[in-house]
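All remarks here apply to the structure that follows.
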Amino acid sequence: MSFVRNLAILSLVAAVAVGTTGCKPRGQKSVADEERGNENGRSASALQAENTALKGELAQAREELEKNKGPTVGDVAGGSLGIEGIEGVTNIGGGRVALGEDFAFEKGSATLNKEGKKSIEKLALKLNDGDHANQMVVVEGHTDDAPVSRPQTVDKFTDNWGLSAARSASVVRALQAAGIPPARLRGAFRGQYAPAVTGGKKDDRGANRRVEIYLAR
């Protein structure tokens with residue numbers, strides 16, 4: 001009888017021991033919980049550090065962009081470039097200057113006249129001066145909306161696309177001859193499809209016949 005009683009007491013003690021081992025006091029974290037918390041903390045810290053580094057790189061990139069942003073022709077037209085002293089060249093805003101085609105070319109021709117060449121030589125001196133000497137020079141030809149009609153003009157240029165392209169090329173060649181390195185020159189042409197003014201009046205058409213020149217990177 002005493003043996004059975006002792007066996008029962010031992011079984012009860014063992015059960016209590018197992019139950020105690022499997023439970024933890026309220027508020028006490030297990031080792032696994034602590035490890036998960038530490039890992040989450042490390043991940044958050046790493047993300048925060050990465051975010052800070054990216055913000056620093058973005059700020060540096062913006063600073064470099066602002067530092068390397070050069071002036072355009074129009075921005076300095078009345079100042080260091082001084083185009084107001086160049087006959088036939090006007091500041092048309094938006095960072096561009098324009099060489100009037102009626103001033104620089106004969107009607108229906110893409111050959112620069114003497115006055116046009118002189119003005120381009122003066123402009124080339126400005127474009128080669130100081131900070132401007134490191135910038136690309138873009139030359140863009142434009143016409144009015146009157147189609148080329150004389151037989152010899154049609155044979156040579158076909159249409160306004162061809163005329164604007166040929167006049168742009170003439171100015172590019174003249175700038176190169178005046179000392180602008182060819183690697184800095186880029187020709188473009190728009191025909192009649194980017195008018196400076198609209199309205200169809202004779203004076204409007206004259207303003208639309210131009211070769212625009214501007215600086216770019």
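Read-outs: derived from the displayed coordinates by stated rules, not from any lab. Predicted model only: the values in this text are computed from it and were never measured. Every residue, glycine among them, receives a Cβ derived from its backbone with ideal geometry; neighbour counts consider all protein chains shown.
Summary table
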quantity	calculated
Distance in nm between pseudo-label sites at Glu50 and Lys202 (7 Å out along the Cβ direction from Cα)	7.1
Label zone at Asn113 (point 7 Å along Cα-to-Cβ), backbone N below 16 Å, the stretch 186-217	206-207, 209-211
Gain in span if fully extended, Arg217 to Ala194, counting 0.36 nm per residue against the direct Cα distance	6.1 nm
In order through the stretch 164-174: 3J(HN,Hα) via Karplus (6.51 cos²θ - 1.76 cosθ + 1.60), integer Hz, x for Gly, Pro	5, 5, 5, 5, 4, 5, 5, 5, 4, 5, 5
Hz values of 3J(HN,Hα) by residue in the stretch 95-112 - Karplus curve (6.51, -1.76, 1.60), Gly and Pro given as x	x, 10, 10, 10, 9, x, 5, 5, 7, 9, 10, 6, 4, x, 10, 10, 9, 5
Violating pairs (Cα-Cα greater than 28 angstrom) within the set Lys122/Lys201; Lys156/Lys202; Lys117/Lys156; Lys107/Lys201	Lys122/Lys201
Under 12 Å from the Ala177 label point (7 Å along Cα→beta-carbon), backbone N, the stretch 111-155	111-121
Where labels lie 7 Å past Cα in the beta-carbon direction, separation of Glu84 and Arg42 in nm	6.9
